[in-house]
Amino acid sequence: MRLFWIINAVLFQLCWWSAALFTEYAVWIMSAILAIHLMLSPRKLDDLKVLPIAVVGICCDQLLIAVDVINVNQSFIPAWLVLLWVILAWSFNHSLVWLTLLKPWQVSITGGILGCVSYLAAINLGAISTSLSLTSFIIIDAILWSFLLPLFELIRRKFVPQKEDQYA
């Protein structure tokens, strides 16, 4: 399926919005969406190979929860956030494959901006909160994501060989 990246982008957005707006039911909704992704994905094995990205993200968020940078009303990372990391990891093989066209410094800037915007939106929608001032949160999150996105792209390149038709 040459245009699966579009399906992946839609499924990622469905997961993100489910997590942000329906945290109480998000695990059920997201589990179904992830199952659909796996059924339709033309690169199932490659999707499994990038799961270390999710592990790194889960550990980072758990650390942010432990040091009270983000609050999720529990002391451990919620299941919906774990599932969000899984779909994000899989997106590196599909809808985020365009990151391979960027230089590392461009990936870093992209991460610093888009990662931060995503967390700010989650705060504004009430899925998460922070005890920090908005300025402090933005600085910490932007710095973190400016390192994470290039790291995630590096992990993807290490575990998944580049395919010639991936931009189709």
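The values are calculated or read from the model by the stated rules, or taken from the named source; none is laboratory data. The structure displayed is predicted, hence computed values, not measured ones. Cβ sites come from the backbone with ideal geometry, for glycine too, and all protein chains shown count toward neighbours. For accessibility, only protein heavy atoms count, side chains too; no ligands or nucleic acids. Shrake-Rupley method; radii C 1.70, N 1.55, O 1.52, S 1.80 Å.
Of the numbered criteria (1) of a type in the set (A, V, I, L, M); (2) out of contact with any Pro (no Cβ under 8 Å at 6 or more places or on another chain); (3) closer than 29 Å to ILE36 by Cβ; (4) buried (at least 16 other Cβ atoms within 10 Å of the Cβ), the one LEU125 fails is (4).
Among the residues of the range 20-48, those identified as within 30 Å of GLN162 (Cβ to Cβ) and of a type in the set (A, V, I, L, M, F, W, C) are MET30, ILE33, LEU34, ALA35, ILE36, LEU38, MET39, LEU40, LEU45, LEU48.
Inspect the range 29-48 for any residue being in a loop (DSSP other than H, G, I, E, B) and within 26 Å of PHE147 (Cα to Cα) and give the result as yes or no.
Filtering the range 29-48 for residues in a loop (DSSP other than H, G, I, E, B) gives 41-43.
In the following step, the residues that additionally are within 26 Å of PHE147 (Cα to Cα) were identified as none.
Checked against the condition, which is being in a loop (DSSP other than H, G, I, E, B) and within 26 Å of PHE147 (Cα to Cα), the range 29-48 yields no hits at all.
Count, please, the residues in the range 29-50 that happen to be aliphatic (A, V, I, L, M) and within 16 Å of the chain's Cα centre (by Cα). Of the residues in that region, 5 qualify. Look at the range 93-121: where a residue is β-branched (Val, Ile, Thr) and a partner is open to solvent by less than 60 Å² (accessible area, probe 1.4 Å) and part of a helix (DSSP H, G or I), sitting 6+ places away or on another chain with Cβ atoms under 6 Å, you get VAL107/LEU99; VAL107/LEU149; VAL107/PRO150; VAL107/GLU153.
Suppose the filter is under 17 Å from the mean Cα position of the chain (by Cα) and either in a helix (DSSP H, G or I) or among the charged types (D, E, K, R) (or both); does THR135 pass it? Don't jump to the end; show me each part of the working.
On the way: under 17 Å from the mean Cα position of the chain (by Cα): no; either in a helix (DSSP H, G or I) or among the charged types (D, E, K, R) (or both): yes.
Taking the combined requirement at face value, the residue does not satisfy it.
Residues of the range 65-118 that are part of a helix (DSSP H, G or I), hydroxyl-bearing (Ser, Thr, Tyr) and surrounded by fewer than 19 Cβ atoms within 10 Å (Cβ to Cβ): THR100, SER118. What about ILE53, is it within 15 Å of the chain's Cα centre (by Cα) and either without any contact (Cβ under 8 Å) to a residue 12 or more places away in the chain or buried (at least 19 other Cβ atoms within 10 Å of the Cβ) (or both)? Judged against the criteria, ILE53 is a match.
Yes/no per residue for (1) modelled with pLDDT of 95 or more; (2) among the aliphatic types (A, V, I, L, M):
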position: ARG2; (1), (2): no, no
position: ASN8; (1), (2): yes, no
position: PHE12; (1), (2): yes, no
position: TRP16; (1), (2): yes, no
position: TYR25; (1), (2): yes, no
position: ILE29; (1), (2): yes, yes
position: ILE33; (1), (2): yes, yes
position: ILE36; (1), (2): yes, yes
position: MET39; (1), (2): yes, yes
